[in-house]
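Right, one structure below, let's go through it.
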Amino acid sequence: VLTGQPADGEVDVTIGAGASSTTTIAGDLSVTGIGQGLKQVGTGSFNTSGVTTSMPSIFDGTYNLYIIYAWDFRPVSDGIDVLFRFQTGSGSEVSDTQYLHEMQCTRGSATYRQFTSGTTKVNQSTVLDGLGNAATETGWCRMTFPKMSSTSYWKQMFFEGGYIDDAGNTSYSNGAVSLRNNEGTAITGAQLTSNSGNWASGTWVCYGLAGG
């Protein structure tokens, strides 16, 4: 038996003996940290019937950070580029009246920079190139999205990914993409698109990180 007057946030615990013993908690009980940590908010397979894999209805402003992991993805066609797009609440990619800035992206040994200005507008960014279709080759990536409130003017995505085959050939890509949400459209999801041919396989999962 633990006795004594509990302070705020503490509890009295009475532990009895025998099979019929009970545990009694008297007073207020609160646990710091409830509601924080990672929570799965979406998962799915790559679309084998089309070039675009949608990850819909995963951003709603509930979490401070969203993380998408995709792995074992492979296209039907050989040597394709993987394109990233933000997705709207209607299920479509953001229109090309938006400004999608590829701040910087390193793919293999080359560094790419794409800044849109004036009347030049794009709605997609190449995040991985040269992905093969052999059964022994597989792609992977991690995408991180901070503060995806539907009302925020800027949306950011930080990318890291690559692929490897059984001969040991590898490619690595990383970079950052920023969207100027000049249409005020609610951005609720993401897309990974093949620039040529459908997807053969792949899996993705999204987690939301609360707290902080």
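Within the option set 9, 91, being outside any strand (DSSP E or B), at pLDDT below 90 and surrounded by 12 or more Cβ atoms within 10 Å (Cβ to Cβ) holds for one residue only, 91.
Among the residues of the range 145-173, count how many are closer than 21 Å to residue 186 by Cβ and open to solvent by less than 80 Å² (accessible area, probe 1.4 Å). Looking only at that region, the number is 9. Of the residues making up the range 189-210, those that are open to solvent by 30 Å² or more (accessible area, probe 1.4 Å) and either aliphatic (A, V, I, L, M) or farther than 23 Å from residue 136 by Cα (or both) are 200, 207, 209. The residues of the range 48-75 that are open to solvent by 30 Å² or more (accessible area, probe 1.4 Å) and either among the acidic types (Asp, Glu) or touching a Ser or Thr at 6+ places or on another chain (Cβ under 8 Å) (or both), listed by number, are 48, 51, 52, 56, 57, 60, 61, 65, 71, 72, 74. Residues that are at pLDDT below 85, assigned to a loop (DSSP other than H, G, I, E, B), under 19 Å from the mean Cα position of the chain (by Cα) and closer than 19 Å to residue 88 by Cα: does the range 166-180 have at least one? For the range 166-180, residues at pLDDT below 85, assigned to a loop (DSSP other than H, G, I, E, B), under 19 Å from the mean Cα position of the chain (by Cα) and closer than 19 Å to residue 88 by Cα: absent.
The values are calculated or read from the model by the stated rules, or taken from the named source; none is laboratory data. Not measured: the values here are computed from a predicted model. FYI the Cβ positions are ideal-geometry reconstructions off the backbone, even for glycines, and counts take in every protein chain you see. With ligands, DNA and RNA removed, areas are computed over all heavy atoms of the protein, side chains included. Shrake-Rupley method; radii C 1.70, N 1.55, O 1.52, S 1.80 Å.
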